[in-house]
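Quick notes on the structure that follows.
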Amino acid sequence: MIRSAFQHGFRTGLKTLLIVLMALLLTVMVAQVIMRYGLNSSLLWSEELCRYLLIWTSFLAMLFAYERGEIAALSILANALPRVPALALAILGGVLSAAMCVTLAWYGYIYADLAGSQPIPALSFILEDLFGDDAPQAPRVFWVYFALPLGMTLLALRIIADIAIYARAWINGDSLHGAAGSHGGQTP
């Protein structure tokens with residue numbers, strides 16, 4: 001019950017955040033087009049900000065793409081195998097996938113920490129435009145690079161939840177398709 005409420009709240013919050021990010025991305029892009037072609041001027045920071053918003057949106061939305069089965073998966077072998085080997089293959093694939101996600105998250109964090117010390121140029125321009133010489137310092141580029149470790153960690157946690165579902169299906173005598181269909185995840 002508590003886990004279900006947490007999952008619902010987390011998913012709702014993540015969807016809301018993604019909607020806000022996409023709305024902001026669209027707003028900045030439209031403003032840039034109007035400024036460039038309508039007013040013959042340009043927003044110096046718009047392309048960089050749009051790139052950062054797209055990076056964050058991509059890595060956060062990856063969780064929903066996985067749940068919908070929109071990430072590439074080879075299910076031919078799993079579909080052809082009997083129940084126990086199919087579940088064993090699903091568990092093995094999940095373990096390897098989660099390990100890869102954790103590895104990417106780890107090294108992504110190390111990279112973000114090493115390369116992300118300078119301020120984000122686009123936000124520096126925006127803050128200088130808004131506040132002039134009294135502008136606060138922009139956040140570090142670390143926060144742009146942090147999208148990868150966060151997205152990979154969330155995906156790894158989701159894959160680990162799938163592994164638990166496949167293990168429970170194995171113990172309860174359920175099939176791989178029954179387990180995959182019951183939680184909206186992806187079969188390997």
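Structure notes:
- Criterion applied to Leu104, Leu96, Leu114, Leu39 was being in contact with a Leu (Cβ under 9 Å, 6 or more places away or on another chain) and of a type in the set (A, V, I, L, M), and the one residue passing it is Leu104.
- Whenever a residue of segment 159-176 is without any contact (Cβ under 8 Å) to a residue 24 or more places away in the chain and charged (D, E, K, R), its partners that are outside any helix (DSSP H, G or I) and buried (at least 16 other Cβ atoms within 10 Å of the Cβ), lying with C-beta atoms within less than 9 angstrom and at least six residues away or across chains, give the pairs Arg168/Asp174.
- Considering Ala65, Ala73, the condition of being aliphatic (A, V, I, L, M) and touching a Pro at 6+ places or on another chain (Cβ under 9 Å) is satisfied by Ala73 alone.
- Arg51 farther than 30 Å from Ala156 by Cβ, surrounded by 12 or more Cβ atoms within 10 Å (Cβ to Cβ) and either among the small types (Gly, Ala, Ser) or out of contact with any helix residue (DSSP H, G or I) (no Cβ under 6 Å at 6 or more places or on another chain) (or both): no
- Top-ranked residue in segment 125-152 [being among the small types (Gly, Ala, Ser) and in contact (Cβ under 8 Å) with a residue 40 or more places away in the chain; ranked as farthest from Ser42 (Cα to Cα)]: Gly151
- Take the conditions (1) touching a helix residue (DSSP H, G or I) at 6+ places or on another chain (Cβ under 7 Å); (2) over 23 Å from Leu176 (Cα atoms); (3) in a helix (DSSP H, G or I); Ile163 misses just one of them, which is (2).
- Hits in segment 144-160 (condition: surrounded by 16 or more Cβ atoms within 10 Å (Cβ to Cβ) and not β-branched (Val, Ile, Thr)): Tyr145, Phe146, Ala147, Leu148, Pro149, Leu150, Gly151, Met152, Leu154, Leu155, Ala156, Arg158
- Those residues of segment 117-134 which are of a type in the set (A, V, I, L, M) and part of a helix (DSSP H, G or I), in sequence order: Ala122, Leu123, Ile126, Leu127, Leu130
- Answer residue from segment 9-49, given it is farther than 18 Å from Asp129 by Cβ and among the small types (Gly, Ala, Ser) and is nearest to the chain's Cα centre (by Cα) among those: Gly13
The numbers here are math on the coordinates, done by the rules we state, and not lab data. The shown structure was predicted, so the numbers you read here are calculated from the model rather than taken from an experiment. Counting neighbours? That spans all protein chains shown, and the Cβs are built from the backbone with ideal geometry, glycine included.
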